[in-house]
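Derivation of every value follows stated rules applied to the coordinates shown; laboratory data play no part. What you are looking at is a predicted structure, and each value in this text was computed from that prediction instead of being measured. Cβ: placed from backbone, ideal geometry, glycine included. Neighbour counts: every protein chain shown.
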Amino acid sequence: MKNRLAYYITAHGYGHGVRSCDVLRAFHALRPDVDVLIVTDLPDEFLRNRMPNFNYKRVARSLDIGMVQLDSIRMDVDRTLGLALDLCDQHDEFCNREQEFLRKEEVGLAVCDIPGIPIAAAAAAGIPRYAIGNFSWSWIYEEFVPVDPRWQTVVDCFAADYAQTDLLLRLPFAEPMSVFPVQQEVGLLATPGTTRREALAELTGAPLDLPWVLLSFSTLEWDDAAVANLTAMQEYAFFTVKPLEWEGANLFAVDRSQISFSDVLASIDVVVTKPGFGVVSECVANRKPMIYADREDFREYPVLETAIQRYLQYQHLPTQQLYQGDLRGALEAIWRCPEPSETLPGGGADQVAALLSAAF
């Protein structure tokens, strides 16, 4: 087998990118002799921040739609359907083009998290292909079929691609993923970050003697009144990771190029977020309490909510209160919530890396 790995990452949210970088770091440590191609629309700055000592080649390309997001909470289902139908109409063209790419680059193994087209392309090229994830897009889209039967075309298209996978590496917090014929469960991918509270205080000017709250959203449509509600809570210091930021004496934006997200999360006291695989995994790994809001039109939400309630100290925040910046009640309640009764072992990145290495 040729010593080149092609790793495809959906650009739907940063959670897929976070866990992919964890896997690729572990893989590179194990097999520095294997060249790595990363095919994704995720920005290179994000990848470099997560993998600073890793020489890979990034190919800027997207081969799936995910869910079009209005912001970190709300989905645009109609827009997603239109784009997904267009993708399915062009499926064979994209698949043929990707098949040529894999052959030209002399790829020995294709791994997908979790677009379907590269799996079909690798199958056509006779290249081994793995998938890694906790859900399939065919499963996500399936819940919309009763509302609009056109979704069935999209479901069938993705399912046909996924069925050609040699092996699914099934992550924690997963749906059954029965569309994949061969599966192997792996452990939690996230690893604890390093507490850098003093460095964060020095960079941002945040006071060390207040509770620190991380607002973990890529985008959040707050109006001036919502921001004012937050700035009125002077007994807390609120952090965001750029480009998300607002003006306020107790609001502090962190540049991830200076301090990694994992270290920011390890340094704060509580996270306010929407349930996503990446942030749930990192909160579990770092044992951080979570205040979480509802996530609309996304079938993964109840699966992740179950994980939150099993493995984290948590408090639910109604979406309306989130958009009003009304966090006081949830923050006062989170400290009274019970500690989780269950733990989840880590080591998933090393497990996956070993399985990928064995394929070469």
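Measuring nothing but alpha carbons in the range 230-336 and taking Rh as the Kirkwood radius, the Rg to Rh ratio lands at 0.94. Positive end of the dipole of the chain (Cβ unit charges, origin at the Cα centre): among Leu210, Ala307, Val36, the Cα lying farthest that way belongs to Val36. Helix 91-104 and the longest principal axis of the Cα set of the chain meet at an angle near 80°.
Bridging of Lys57 to lysines at a Cα separation below 21 Å is possible for Lys2, Lys104, once same-chain residues fewer than 8 apart are set aside. Can you list residues whose amide H is under 5 Å from Ala253's amide H, if they're 5+ apart or on another chain and H is modeled 1.01 Å from N? Amide H to amide H, under 5 Å and 5 or more residues apart or across chains, Ala253 pairs with Thr240. A cut-off of 5 Å between modelled amide H atoms, ignoring neighbours fewer than 5 places along the same chain, links Leu168 with Ala131, Val182, Gln183, Gln184. A dipole drawn for the chain from +1 and -1 charges on Cβ atoms has a positive end, and of Leu83, Ile73, Leu168 the residue lying farthest that way is Leu168. Derived scalar couplings between HN and Hα for the range 293-306 equal 9, 5, 10, 7, 6, 9, 5, 5, 3, x, 5, 6, 4, 4 Hz in order, rounded to whole Hz, by the Karplus curve 6.51 cos²θ - 1.76 cosθ + 1.60 (θ = phi - 60°), x for Gly and Pro. Expressed in Å, the radius of gyration and Dmax of the Cα atoms of the chain are 20.5, 61. The mean sequence separation of alpha-carbon pairs under 8 Å and at least six residues apart, normalised by the residue count of the chain, gives a relative contact order of 18 percent.
A cut-off under 13 angstrom between Cβ atoms defines the neighbours of Ile73, and their net charge, with Lys, Arg +1 and Asp, Glu -1, is -3.
Peptide packing: for 129-142, 224-237, the average count of neighbouring Cβ atoms within 10 Å per residue gives the ranking 129-142, 224-237, highest mean first.
Taking 25 Å as the straight-line reach from the Cα of Lys274, the lysines in range (excluding those fewer than 8 positions away in the same chain) are Lys242, Lys288. With contacts taken as Cα pairs under 8 Å at a separation of at least 6 residues, the range 1-48 carries a relative contact order of 56 percent.
How long is the gain from Glu93 to Ser218 if the chain were fully straight, where each residue apart is worth 0.36 nm and the alpha carbon distance is subtracted?
Using 0.36 nm per residue and subtracting the Cα-Cα distance, I get 41.8 nm.
Over the residues of the chain, the helix contribution to mean residue ellipticity at 222 nm works out to -11500 deg cm²/dmol, using -39500 (n - 2.57) for each DSSP H run of at least 4. About its Cα centre, the dipole of the chain is roughly 1080 debye, where the only charges are +1 on Lys and Arg Cβ and -1 on Asp and Glu Cβ.
Rounded to the nearest 10 degrees, the inclination of helix 77-89 to the longest alpha-carbon principal axis of the chain is 20 degrees. Isolated cysteines of the chain, defined as having no other cysteine beta carbon under 4.7 Å away, are Cys21, Cys95, Cys112, Cys283, Cys337. Close amide H contacts of Val36 (hydrogens built in the peptide plane, cut-off under 5 Å, sequence separation of 5 or more or a different chain): Leu5, Lys57.
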